[in-house]
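What follows is a short report on a single structure.
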């Protein structure tokens, strides 16, 4: 480039142009180097962050694995504890606690004295709420309380029935032989209907429920619901 100059002025001009080109090239190179350094820094930073994320993921997976292991251990421990609790209840606790309520349970089972039943039920409720721990005995006591309460209600119904005056003869009783035949005929229509305690028909009955159903539908009479109260409604006949 310099040797092609036609004159000294041309040479100076070309030298100046060459210097400018060199300066521009240096600037470009410097910019490129600077950009490369910045890019390298970003790449390095991204790699560091990627490594950090990988490390965090690894630690998280490790923690989850440890958690699952501990969870399985706890579930196994709980199952073993429950099994031991059931065994302890069956072999020791229920045996001991059943002795606390044995007398009251026997009263509920065999007694027909309303006052004795009410007292036994009250005692069972108190013992259940304040002393019992055995699930087995607690369930037995609950069932006994329900049965005893039902028996007390039945005894109350008997007392009420006994207090009802005997209606004797008259139009209010079962009626004439013709109405009696109608009652029998109606009752025969339900032969084979299932017996279910406490049922009042028409798909199932118990004894007093059936007689109440028949008299109500044939004679339009309400002879009450239970056996004990029905005793006081009719009148005695000879065999």
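Could you check, for region 78-101, whether at least one of its residues is assigned by TED's automatic domain parsing to the domain that holds residue 157 and within 30 Å of residue 159 (Cα to Cα)?
Yes, some residue in region 78-101 is assigned by TED's automatic domain parsing to the domain that holds residue 157 and within 30 Å of residue 159 (Cα to Cα).
Under 6 Å between Cβ atoms, at least 6 apart or on separate chains: pull out the pairs that start in region 63-81 with a residue that is without any contact (Cβ under 8 Å) to a residue 60 or more places away in the chain and end on any residue that is surrounded by 10 or more Cβ atoms within 10 Å (Cβ to Cβ).
none
A quick yes/no check of all residues on (1) within 22 Å of residue 91 (Cβ to Cβ); (2) modelled with pLDDT of 90 or more:
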residue: 103; (1), (2): no, yes
residue: 107; (1), (2): no, yes
residue: 131; (1), (2): yes, no
residue: 139; (1), (2): yes, yes
residue: 150; (1), (2): no, yes
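The values are calculated or read from the model by the stated rules, or taken from the named source; none is laboratory data. The shown structure was predicted, so the numbers you read here are calculated from the model rather than taken from an experiment. All Cβ positions, glycine included, derive from the backbone under ideal geometry; neighbour counts span all protein chains shown.
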